[in-house]
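Enquirer: I'd like to ask you about the structure that follows.
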Amino acid sequence: MTLNEYNKSVDEYSDGIYRFILKNIRDDEKAKDIVQDTYMKLWDKVEDVSAEKVKAYLFTTAYHTMIDYIRKDKRLVGLEQADFSQYHTKESFFDTREIIDKAVSFLPEIQRTVILLRDYEGYSYNDIAEVTGLNESQVKVYIYRARVFLKEFLKSADLVI
């Protein structure tokens, strides 16, 4: 990868990576740090990464860096430990986007990751499997479960506008 290709990857993918990370961890400063760390890691391996594979490399690296940050902060909660009683809300929402963002924020971390990669970033199941280290079947199951949860959350009578 050349210096121009590296700079082009920054221009093309940094915003998408930032949005993906921000939707997952909901911390602006940490999201910026993760994006910066991701590009530093790319710079360290600039000779080994081809321009054709740079997008997958960046999202994979960003995902793994985000996981490291989450583990470092001890925020990782398993599905069996999650408290689902918090998913009902009495808050009033006036914007559909705000409602969807609120619903996505309640998803377990892995489901939120795969649904954001699929529905927000437009990745294929195979690409998501590559980024997350899951197999394609697991990706499909997590996306299905996330969509079922989102459907139920959005149908909730408490969210009637």
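Enquirer: Only one of these is among the hydroxyl-bearing types (Ser, Thr, Tyr), surrounded by fewer than 21 Cβ atoms within 10 Å (Cβ to Cβ) and closer than 18 Å to Tyr18 by Cβ: Tyr125, Tyr144, Tyr120. Name it.
Expert: Unique residue meeting the criteria: Tyr120.
Enquirer: Can you name the number of the only condition in (1) assigned to a helix (DSSP H, G or I); (2) under 15 Å from Ile21 (Cα atoms); (3) among the aliphatic types (A, V, I, L, M) that Leu107 fails?
Expert: Looking at each condition in turn, Leu107 falls short on (1).
Enquirer: Is it the case that Lys55 is at pLDDT 85 or above and within 16 Å of the chain's Cα centre (by Cα)?
Expert: yes
Enquirer: Would you mind stating whether Leu76 is surrounded by 11 or more Cβ atoms within 10 Å (Cβ to Cβ), at pLDDT below 85, touching a helix residue (DSSP H, G or I) at 6+ places or on another chain (Cβ under 6 Å) and not in a helix (DSSP H, G or I)?
Expert: yes
Enquirer: Look at the range 41-63 and say how many of its residues are outside any helix (DSSP H, G or I) and among the polar types (S, T, N, Q).
Expert: Qualifying residue count, the range 41-63: 1.
The values are calculated or read from the model by the stated rules, or taken from the named source; none is laboratory data. What you see is a predicted model, and the numbers here were worked out from it, not measured in a lab. No Cβ is skipped: glycine too gets one built from the backbone with ideal geometry, and neighbour counts run over all protein chains shown.
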